[in-house]
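Visitor: Sharing a structure with you now.
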Amino acid sequence: MNISSGYVEVDMFPKEVNSIDHPEVIQFREVLEDVALDHGCQLTDFDVDCGTVIFAFDNDELMASIIEILENDT
């Protein structure tokens, strides 16, 4: 496993959502933690700022896959 050198930032929620204690944010974090378990790694960073979720895993391959998915989705 590699230590990730970057973060993913995704506009997920309305700008009013600004807390990791918000129910929808908690639910999304649980999804990310499940993804980490499935890939044998850990969610190393997680935060939300004005609806934007910022997160990172300690698996560069997973991070690259997520970035690729996000780029292809736009």
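The values are calculated or read from the model by the stated rules, or taken from the named source; none is laboratory data. From a predicted model like this one, the values you see are computed outputs, not experimental measurements. Every residue, glycine among them, receives a Cβ derived from its backbone with ideal geometry; neighbour counts consider all protein chains shown.
Visitor: Does the range 13-28 contain at least one residue that is in contact with a Pro (Cβ under 8 Å, 6 or more places away or on another chain) and of a type in the set (Gly, Ala, Ser)? Full working, then the answer.
Guide: First, the residues of the range 13-28 that are in contact with a Pro (Cβ under 8 Å, 6 or more places away or on another chain): none.
No, the range 13-28 contains no residue that is in contact with a Pro (Cβ under 8 Å, 6 or more places away or on another chain) and of a type in the set (Gly, Ala, Ser).
Visitor: Still on this structure, I have one more. Return yes or no: is Ile66 hydrophobic (A, V, I, L, M, F, W, C), under 14 Å from the mean Cα position of the chain (by Cα) and in a loop (DSSP other than H, G, I, E, B)? Talk me through it step by step, then tell me what you get.
Guide: Details: hydrophobic (A, V, I, L, M, F, W, C): yes; under 14 Å from the mean Cα position of the chain (by Cα): yes; in a loop (DSSP other than H, G, I, E, B): no.
No, not satisfied.
Visitor: Now for a different question. Could you say whether any residue in the range 23-37 is part of a loop (DSSP other than H, G, I, E, B), out of contact with any strand residue (DSSP E or B) (no Cβ under 7 Å at 6 or more places or on another chain) and at negative phi?
Guide: If we filter the range 23-37 for residues that are part of a loop (DSSP other than H, G, I, E, B), which is where we start, we get none.
Looking through the range 23-37, none of the residues is part of a loop (DSSP other than H, G, I, E, B), out of contact with any strand residue (DSSP E or B) (no Cβ under 7 Å at 6 or more places or on another chain) and at negative phi.
Visitor: Count, please, the residues in the range 41-67 that happen to be at pLDDT below 95 and either among the basic types (Lys, Arg) or surrounded by fewer than 15 Cβ atoms within 10 Å (Cβ to Cβ) (or both).
Guide: 4
Visitor: Six or more apart or on different chains, Cβ atoms under 8 Å: show the pairs whose first residue is in the range 1-22 and exposed (fewer than 12 other Cβ atoms within 10 Å of the Cβ) and whose second is among the hydroxyl-bearing types (Ser, Thr, Tyr) and at pLDDT 95 or above.
Guide: The qualifying pairs are Ile3/Thr44; Asp11/Thr52.
Visitor: Look at Phe28 and say whether it is hydrophobic (A, V, I, L, M, F, W, C), touching a residue at least 12 places away in the same chain (Cβ under 8 Å) and in contact with an Asp or Glu (Cβ under 8 Å, 6 or more places away or on another chain). So that I can check it myself, show each step before the final result.
Guide: Values: hydrophobic (A, V, I, L, M, F, W, C): yes; touching a residue at least 12 places away in the same chain (Cβ under 8 Å): yes; in contact with an Asp or Glu (Cβ under 8 Å, 6 or more places away or on another chain): no.
So Phe28 fails the test.
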